[in-house]
Amino acid sequence: MLIASQFIIFITRPNDRRHALPADDETRIQAVLDRYASDCVTFHALRTRQAGRRSFMSVHVLVPGSWSVHEGHAFLELVERDLRSAVPSATVFTHLEPIEDAASFADVALER
């Protein structure tokens, strides 16, 4: 874990499950994402991390490029609220991307 200013930056390697959230937490997270997923909304690059009593999750959210910033932000607020409800001790990071852009699918890996 790296602490920069007031932000905690967590780095996990792909397939490194040593510090990931417990399976039951990840099942609840996936259930939330599944509720919001549709033909025009999808999620990828989900990463979770446990650090002491704190939980962290990061997920990329792909939505129609035609959505306004306001629409995308309002949608993320709902998703983040429900993710925090599913894992109450969690800090949630989301990254919004246009689903039509091929580059949105090229950033699943941690290193790019």
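The values are calculated or read from the model by the stated rules, or taken from the named source; none is laboratory data. Computed from a predicted structure; not experimentally measured. Methodologically, a virtual Cβ is constructed for each residue, glycine included, from the backbone with ideal geometry; neighbour enumeration extends over all protein chains shown.
Things to note:
- Residues located in the range 83-102, provided they are under 16 Å from TYR36 (Cβ atoms) and among the aliphatic types (A, V, I, L, M): LEU83, ALA86, VAL87, VAL92, LEU96, ILE99
- Lone qualifier among VAL61, VAL69 - being of a type in the set (A, V, I, L, M) and touching a residue at least 24 places away in the same chain (Cβ under 8 Å): VAL61
- Residue within the range 7-25 that is under 16 Å from the mean Cα position of the chain (by Cα), at pLDDT 50 or above, hydrophobic (A, V, I, L, M, F, W, C) and within 17 Å of VAL92 (Cβ to Cβ) present: yes
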